[in-house]
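For reference, the structure discussed in these notes is given below.
The values are calculated or read from the model by the stated rules, or taken from the named source; none is laboratory data. Computed from a predicted structure; not experimentally measured. Glycine also receives a Cβ, built like all others from the backbone with ideal geometry; neighbour counts cover every protein chain displayed.
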Amino acid sequence: MPKVRTAVLISGRGSNMVSLVEASKAKDYPADINLVISNKPNAAGLSKAKDLGVMALAIDHTDFSNRREFETALDAVLREAKTELICCAGFMRVLTPWFVSRWEGRLLNIHPSLLPKYKGLNTHQRALEAGDSEHGCTVHYVTAELDGGDTILQHKIDILENDTPETLSSRLLPLELTLFPKALSIVAKTYRT
Ligand code: GAR
């Protein structure tokens, strides 16, 4: 069975993307990362992807007059590359219902909270301010509702007494890096069945 052709969307440093690419190099991994796209031309992740031998390019959202035009260009590049699945890995653009409906069921996102808690931004700060005892990360399907689609996998950590947004973020990141490849593997395995 050929590996499922997967694109990764990023906006920044790309550590989740690197982890997905590295996992996908295993012979028995069911997905292949064949394209990385950033909406920010200066994203550090672009050169990391190229160093790993993956085609990487920027589609700068500021070159377009509205979301729909940006997404039309994005969609065209994804289709040209015969993309089957898309992973949003630190992709910090909200996708419109138009784009989501074209890729629904094939569009995954990693979010740094225990969804449905803390959709949107500043998740570590919000978990601390709420006095939560647990925090975590979630890989979920993207739907038209922001951070609202079905969960594929979730990982929990305990919040410690002296935690700050920075310590939470640095303890959570390694867990994100194992969670996303696991979740993509689950989705890719069932993709052709
Ligand atoms: C990750 O922590 C990811 O969960 C988060 O951005 C970071 C990207 O890091 N995503 C979101 O906040 C999405 N709303 P990375 O570029 O090093 O993978």
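Results, tabulated for the structure shown:
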{"read-out": "Subset of region 145-172 that is surrounded by 15 or more Cβ atoms within 10 Å (Cβ to Cβ) and of a type in the set (A, V, I, L, M, F, W, C) - its residue that is nearest to the ligand (Cβ to nearest atom)", "value": "Leu172"}
{"read-out": "Candidate set from region 98-139 (those that are more than 9 Å from the ligand (Cβ to nearest atom) and small (Gly, Ala, Ser)); member that is surrounded by the fewest Cβ atoms within 10 Å (Cβ to Cβ)", "value": "Gly131"}
{"read-out": "Count of residues meeting criterion [among the charged types (D, E, K, R) and more than 21 Å from Thr138 (Cβ to Cβ)] in region 1-21", "value": "2"}
{"read-out": "Complete set of residues in region 182-193 that are outside any helix (DSSP H, G or I) and without any contact (Cβ under 8 Å) to a residue 60 or more places away in the chain", "value": "Thr193"}
{"read-out": "Qualifying strands (runs of 3 or more DSSP E) (wholly inside region 103-181; at least 2 residues being farther than 30 Å from Leu78 by Cβ and at pLDDT 95 or above)", "value": "134-141, 151-158"}
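Here is a yes/no grid of residues against (1) out of contact with any His (no Cβ under 9 Å at 6 or more places or on another chain); (2) among the aromatic types (Phe, Trp, Tyr); (3) farther than 22 Å from Leu177 by Cβ:
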| position | (1), (2), (3) |
| --- | --- |
| Val36 | yes, no, no |
| Pro41 | yes, no, yes |
| Leu85 | yes, no, no |
| Phe91 | yes, yes, no |
| Glu104 | yes, no, yes |
| Leu107 | yes, no, no |
| Thr123 | no, no, no |
| Gly131 | yes, no, yes |
